[in-house]
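**Q** One structure follows; several queries about it will come next.
The values are calculated or read from the model by the stated rules, or taken from the named source; none is laboratory data. Note that the coordinates shown come from a computational prediction; the quantities given were computed from them, not determined experimentally. Reconstructed Cβ throughout: ideal geometry from the backbone, glycine too, with neighbour counts over all protein chains shown. These area figures cover heavy atoms from the full protein model, side chains too; ligands, DNA and RNA do not enter into them. Shrake-Rupley method; radii C 1.70, N 1.55, O 1.52, S 1.80 Å.
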Amino acid sequence: MKTRLIIALAAMGFATGAMGATPITLKLHKGDTTVPTSTTVGGAPLTSLEQDPAMTAGDADSGDGDDLGEEPVVNRTLSHGHHAGLNSMGHAWRAKSNPELTGGFDGLDFFDQRYANNGNQFSVEPPDQGLCAGNGFVVESVNDVFAIYDRAGHERVGPVDLNTFYHYPAAINRTTGAYGPSITDPSCYYDADTRRWFHVVLTLDRVGTTSALSGTNHLDLAVSQTADPTGAWTIYHLPVQNNGTDGTPDHGCSEGFCLGDYPHIGADAHAIFLTTNEFSLFGPGFYGAQIYAISKQALVAGDPEPNVVLFNAGDPSVPAPAFTVWPAVSSGGQYAGAHGGTEYLLSSDAVFYDEGVSNTVWLWAVSNTQAIDSDPMALTLNVSPVSVQTYGVPTSLARQRPGSAPLRDCFAAPGCAPTYLGYPTIVYPAPRPLAVNDSRMQQVSFANGKVWGTLDTDVLLGDGSHGSGIAYFAIDPKAGGVFANGTLALSDANLTYGTSAVTQSGRGVIAFTVVGPGDYPSAGYASFDAKKGAGDVHIAKAGAGPWDGFTGIPYLGGDRPRWGDYGAAAADGNTIWTASEYIAHSCTLAEYLTPPMFQCGGTRGALGNWATRISSFQL
């Protein structure tokens with residue numbers, strides 16, 4: 001396997017040395033000041049324009065990055081072979097009690113997303129969850145709204161649509177038909193050291209107020225001005241089209257514009273880190289992950305042009321295949337101080353193989369971060385392989401427990417879809433399957449001197465079929481070995497979109513969705529530490545019905561059902577907060593068609609019923 005890896009890297013143009021790419025410096029552009037303000041929830045329950053035309057073709061993080069249709073899309077992956085799957089089972093059991101769970105509440109859902117800003121929003125699926133916690137607050141962000149809660153789950157502000165928060169026109173003005181910028185992939189982080197909140201999104205610009213994308217795209221980063229997230233925030237803009245315009249380097253992406261896809265946030269003592277997967281926006285082609293380091297001190301001070309250092313991890317000099325290089329968040333102001341300050345990141349590489357399997361993850365390190373303000377070119381990038389248990393790209397969609405699914409049922413009932421939805425009748429299997437994640441790395445933490453991460457992997461279920469489990473890692477960044485590594489899986493259900501957070505003492509939680517023939521999509525979790533690895537599977541909140549969204553319906557959202565694209569977790573002292581997608585409510589077709597139609601008492605929208613669950617654990 002190791003020999004094959006070196007040959008594969010050489011074939012893809014990657015070097016096999018120890019050092020990384022030479023950095024370049026950029027400038028971040030300061031924008032407006034914003035204050036999160038709740039918007040009116042309302043508007044028509046269903047319109048003739050529910051999906052953003054520029055974003056509907058293949059918007060998939062488990063699809064094929066080279067099969068883009070006629071429109072540019074986000075949340076792409078890489079092509080990989082369709083292997084026969086791993087012939088091994090993970091190790092976990094269903095727990096009979098929830099001893100660590102101390103609280104929880106329902107977060108944002110499809111109803112909030114679609115009808116925020118008086119309905120001047122598109123229907124969006126999946127949610128892409130961000131979560132951060134500290135100073136008595138919990139902030140959740142999804143496509144394309146966010147909310148601020150106290151620790152008891154009382155909503156202090158929200159839902160706030162992200163276009164309004166970032167001072168853009170509405171996603172779609174239902175009166176004039178004008179389009180605003182397209183915002184996606186939110187993430188957030190509370191920095192205990194500076195007592196500031198950071199929120200990032202990818203924003204794609206339009207050609208005027210039309211639906212067409214102009215090509216320019218940027219990471220918008222909002223930084224709170226105090227420890228109170230309900231107060232003022234400063235907005236910064238970082239262009240990521242990387243074609244030589246707006247101060248960007250030219251990475252030669254086909255059709256003239258790169259895309260800074262799938263951004264995520266991390267931090268060390270000196271810098272905030274943003275990473276992206278760089279694709280061509282208007283054509284095929286993957287150009288490697290991008291790693292941006294931004295002066296934390298300058299962001300907190302509200303400087304007009306904080307220093308930015310960019311490492312192009314797709315450069316041929318980088319000795320690793322760089323896809324979804326996820327930066328670590330630090331627990332409670334606990335940072336790696338070696339080598340002048342170091343930020344660790346993790347990535348996986350199974351998608352680079354025809355078989356879709358690997359026994360290697362990659363440990364990245366950006367060092368000398370203390371120089372970000374005085375000598376930014378002095379930052380260095382290193383990457384090294386870490387041998388782990390074999391993992392593989394999940395090969396199957398997830399079956400779910402049968403139940404009432406009124407959108408599916410309306411499409412199947414004679415005359416219902418043409419009359420009420422404006423689409424032809426189509427019959428789907430009951431229940432429809434939903435998508436699990438690919439094997440990209442998910443949220444990474446630095447805590448207790450270790451680097452922690454999870455990813456989805458193919459597993460063998462009890463009936464002989466293939467499903468999804470969670471591979472987990474606790475890595476020694478000094479020696480490059482592993483303290484804990486295994487696969488969390490059930491014999492009768494899928495575990496997908498795992499995410500983890502760990503306290504300073506080294507105790508953590510992995511959160512995920514549980515879904516299978518006997519389970520509606522539910523919010524699950526397991527304990528996580530470096531000695532025992534992952535514990536038994538618990539259900540934080542059981543799903544109330546099957547997923548019933550528009551993706552996977554050819555007339556509405558292509559032919560791939562969607563879920564995810566990621567969950568989130570945050571450590572707040574000895575408390576772990578998690579955010580998982582699940583189904584909170586269910587209704588019948590008769591209830592769905594009862595006025596006000598399609599909303600089932602404010603629990604869903606016409607085209608979707610996803611919900612999120614926020615849970616707390618005292619460790």
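**Q** Can you list residue pairs whose Cβ atoms sit under 8 Å apart, with the first residue in the range 424-436 being under 14 Å from P126 (Cβ atoms) and the second being aromatic (F, W, Y)? Count only pairs 6 or more apart in sequence or on different chains.
**A** Here the result reads L434/W547; L434/W563; A435/W563; V436/Y497; V436/W563, each pair linking the range 424-436 to a residue that is aromatic (F, W, Y).
**Q** Does the range 536-593 hold any residues that are closer than 16 Å to Q51 by Cβ, among the β-branched types (V, I, T) and touching a Lys or Arg at 6+ places or on another chain (Cβ under 7 Å), and which are they?
**A** T551
**Q** Next up: Kindly indicate whether I272 is in a strand (DSSP E or B), touching a helix residue (DSSP H, G or I) at 6+ places or on another chain (Cβ under 9 Å), open to solvent by less than 10 Å² (accessible area, probe 1.4 Å) and at pLDDT 95 or above. It would help to see each step written out before you state the result.
**A** Values: in a strand (DSSP E or B): yes; touching a helix residue (DSSP H, G or I) at 6+ places or on another chain (Cβ under 9 Å): yes; open to solvent by less than 10 Å² (accessible area, probe 1.4 Å): yes; at pLDDT 95 or above: yes.
The answer is yes for I272.
**Q** Just need a number here: residues in the range 437-488 that are surrounded by fewer than 24 Cβ atoms within 10 Å (Cβ to Cβ), touching a strand residue (DSSP E or B) at 6+ places or on another chain (Cβ under 9 Å) and in a loop (DSSP other than H, G, I, E, B). Even if it seems obvious, please write down each step before you answer.
**A** Initial filter on the range 437-488 (surrounded by fewer than 24 Cβ atoms within 10 Å (Cβ to Cβ)): 441, 448-450, 460-466, 476-487.
Now narrow it down to the ones that are touching a strand residue (DSSP E or B) at 6+ places or on another chain (Cβ under 9 Å): 441, 448-450, 460-461, 466, 476-477, 480-487.
Subsequent filtering for residues that are in a loop (DSSP other than H, G, I, E, B) retains 448-449, 461, 476-477, 480-481.
Of the residues in that region, 7 qualify.
**Q** Every residue in the range 217-244 that is part of a loop (DSSP other than H, G, I, E, B), farther than 19 Å from D185 by Cβ and in contact with a Gly (Cβ under 8 Å, 6 or more places away or on another chain), please.
**A** Of all residues in the range 217-244, those part of a loop (DSSP other than H, G, I, E, B) come to 225-232, 240-242, 244.
Next cut, farther than 19 Å from D185 by Cβ only: 225-232, 244.
Across the range 217-244, the qualifying residues are Q225, A227.
**Q** Now for a different question. If you check H167 against the conditions, is it surrounded by fewer than 21 Cβ atoms within 10 Å (Cβ to Cβ), modelled with pLDDT of 95 or more and touching a His at 6+ places or on another chain (Cβ under 7 Å)? I'd like the intermediate steps shown before the answer.
**A** Numbers: surrounded by fewer than 21 Cβ atoms within 10 Å (Cβ to Cβ): yes; modelled with pLDDT of 95 or more: yes; touching a His at 6+ places or on another chain (Cβ under 7 Å): no.
No: the conditions fail for H167.
**Q** I've got another one for you. Tell me, yes or no, whether the range 412-427 has at least one residue that is open to solvent by less than 50 Å² (accessible area, probe 1.4 Å) and at positive phi.
**A** yes
**Q** From the list V537, V514, pick out the single residue that is without any contact (Cβ under 8 Å) to a residue 40 or more places away in the chain and in contact with a strand residue (DSSP E or B) (Cβ under 7 Å, 6 or more places away or on another chain).
**A** Working: V537 fails: without any contact (Cβ under 8 Å) to a residue 40 or more places away in the chain.
Result: V514 is the single residue among V537, V514 that is without any contact (Cβ under 8 Å) to a residue 40 or more places away in the chain and in contact with a strand residue (DSSP E or B) (Cβ under 7 Å, 6 or more places away or on another chain).
**Q** Additional query: Need the failing condition index for T175 against (1) in contact (Cβ under 8 Å) with a residue 60 or more places away in the chain; (2) of a type in the set (S, T, N, Q); (3) part of a loop (DSSP other than H, G, I, E, B), just the number.
**A** Here T175 meets the rest and fails (1).
**Q** If you don't mind, there's one more thing I want to ask. Which of the numbered conditions does Y353 fail, given that it passes all the others? Conditions: (1) over 25 Å from S396 (Cβ atoms); (2) within 24 Å of the chain's Cα centre (by Cα).
**A** Of (1) over 25 Å from S396 (Cβ atoms); (2) within 24 Å of the chain's Cα centre (by Cα), only one is false for Y353: (1).
**Q** With a cut-off of at least 1 residues that are open to solvent by 10 Å² or more (accessible area, probe 1.4 Å) and free of Cβ contacts under 8 Å to residues at least 60 places away in the same chain, name the strands (runs of 3 or more DSSP E) lying wholly within the range 97-145.
**A** Values: elements: 101-109, 130-134, 137-142.
Those strands (runs of 3 or more DSSP E) do not exist here; none qualify.
**Q** Here is a further query. Look through the range 581-603, keep the residues that are open to solvent by less than 10 Å² (accessible area, probe 1.4 Å) and within 24 Å of the chain's Cα centre (by Cα), and return whichever of them is farthest from G130 (Cα to Cα).
**A** I583
**Q** Right, something else. Restricting to the range 535-570, and then to whatever is outside any loop (DSSP other than H, G, I, E, B) and either of a type in the set (S, T, Y) or modelled with pLDDT under 95 (or both), can you tell me which residue is most open to solvent (accessible area, probe 1.4 Å)? Give the steps one after another, and end with the answer.
**A** Going residue by residue through the range 535-570, those that are outside any loop (DSSP other than H, G, I, E, B) are 537-541, 551, 554-557, 568-570.
Of the ones still in play, those that are also either of a type in the set (S, T, Y) or modelled with pLDDT under 95 (or both) are 551, 554-557.
Working: T551: 7, P554: 77, Y555: 94, L556: 11, G557: 15 Å².
Result: Y555.
**Q** Taking the conditions exactly as written (at pLDDT 95 or above, open to solvent by less than 10 Å² (accessible area, probe 1.4 Å) and at positive phi), does D191 satisfy them or not?
**A** Numbers: at pLDDT 95 or above: yes; open to solvent by less than 10 Å² (accessible area, probe 1.4 Å): yes; at positive phi: no.
Against the criterion (at pLDDT 95 or above, open to solvent by less than 10 Å² (accessible area, probe 1.4 Å) and at positive phi), D191 does not qualify.
**Q** I'm checking my understanding of the structure. Among residues of the range 204-215 that are surrounded by fewer than 24 Cβ atoms within 10 Å (Cβ to Cβ) and part of a strand (DSSP E or B), which one is nearest to the chain's Cα centre (by Cα)?
**A** Going through the qualifying residues, I end up with D205.
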